[in-house]
Amino acid sequence: MPDYPETIAAIATAPGKSGIGIIRISGPKSLQIANSITGISPKPRQAHFIPFKNKEQQVLDKGLLIYFKSPDSYTGEDVVELQGHGSQVILNMILKEAFLLGAVPAAPGEFTQRAYLNGKLDLIQAESVADLIESTSEKSAIYAMQSLDGEFSARIKSIVDTVTSTRVYVEGSLDFPEEEIDFLDNENVPNNIMQAIKELDALLKSAAAGKKLRQGMSVVIMGRANVGKSSLLNELVGTNKSIVTNHAGTTRDVIEDTIYIAGVAITLIDTAGIREPENIIEKEGIRRSQEQIKKADVLLLVTDAPEITSNEFQMLAQQEKKHLIIIHNKIDLYGHKVIDEKVEGVQHLYLSVKNKEGIENLKSALENIILIDNDSENLVYARERHIQLLTKAKHVLEQGLKEFKTSKQGEILAEFLKTTQELLGQITGEFHSDDLLGEIFSRFCIGK
């Protein structure tokens, strides 16, 4: 366990007024500081209701003192929590006293960083702490908690164990030729590698879905000018977010808002009508709209007719394959019924935003897309760096297997297996750089 000379302290609760506020202190002087502020030596894992005093013995607050003795604490060090009233003035007074007694201000994420460096969490779990705090939906909170409990790490470990045992076997046959271990004729070697590749592929799919869940889903409303895009956004979010008029080109910029469907954050984006711009402002609005369309997870093409036009066909032809729903708005004007149907694999919804008809069909369609993208029971709450490392590890294993089948050189295969181990170790933090840790923990809130 690393030996930290400094004791850190911070307010662990969010800024603002609240019923409760918490000061968290971690490090070798924690117990000494607690004794000076409260006048007692607390028993581990017991709540003590006690006055909090300054060095002049003036009572600053009354609250609970809880002591977590090393190594049975969040950070693995001696940790003290002072739980009082949630006034920023009072909390700052107590924190100032802790600093006078030898603590130093904690950096963002420093408590969790110490937990990781002390072996209380691996790097995936440490990142999951931040994800849990920042979760914006029920599903994202549930999956972040699963990662914090070690489910993602366990899947990585399973693959690492397969790679490690294969590497040990190959290197053993190279180091001890007198044992006459002929791994070239042992089908377990390529079979184990193929199994690891298969597990990596499955984990990558789960991670990609988890990344989308973590970030939420982007739904872009696109189409010609004056077909009802802004009205649709307003109806879905329940407010007059976008300006609605009978004049074409009212929306000059990208307008967005967030709703929640099936526990997932959905960012709805209203875009400028696609047409020949009449001025430089509208031209810029259309350019921004096209950028959002390219990045969208789901496209809602809105038209105001029972059939889409040739221009609308051209809009769709320019898009990469992604979830698409074609919305035929204004059915009240051309006498069409509310219908939800699929034509050549594309979903068509006939509705009237003005009369609020068929809106529930659209919400159901979006929910179905969410369920399709998140139907894996083994979904993992992943970040971009996880996906990049998993992709590299899979590529290295595939190359290693290919080289092995061609050259039959055990030394080359062993090197590929070693590289795979290191890449997967970067995900859990078994191998890391100080720059990586600085980047990860700098994004945490202070006090966590």
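Values in this text are rule-based calculations from the coordinates and carry no lab data. Being a predicted model, the structure only gives us computed values, none of them experimental. Note that we place each Cβ from the backbone using ideal geometry, even for glycine, and neighbour counts take in every protein chain shown.
For region 8-121, the fraction of C-alpha pairs more than 21 angstrom apart is 30%. In units of the rule-of-thumb radius 2.2 N^0.38 Å, the chain shows an alpha carbon radius of gyration of 1.29.
Its relative contact order, with pairs defined as Cα atoms under 8 Å and 6+ residues apart, puts region 8-121 at 32 percent. Each residue of region 90-103 was assigned a 3J(HN,Hα) from its phi angle through the Karplus expression (A = 6.51, B = -1.76, C = 1.60, θ = phi - 60°), giving 5, 4, 5, 5, 5, 4, 4, 5, 4, 5, 5, 8, x, 7 Hz with x at Gly and Pro. Ordering Tyr74, Tyr334, Tyr116 by the number of other Cβ atoms within 10 Å of each residue's own Cβ, fewest first, gives Tyr334, Tyr74, Tyr116. As a proxy for reagent exposure, Arg288, Arg383, Arg45 were ordered by neighbouring Cβ count within 10 angstrom, fewest first; the result is Arg45, Arg288, Arg383.
Cross-link reach is defined here as a Cα-Cα straight distance under 18 Å, omitting same-chain residues fewer than 8 places apart; for Lys330 the lysines meeting it are Lys229, Lys354, Lys356, Lys363.
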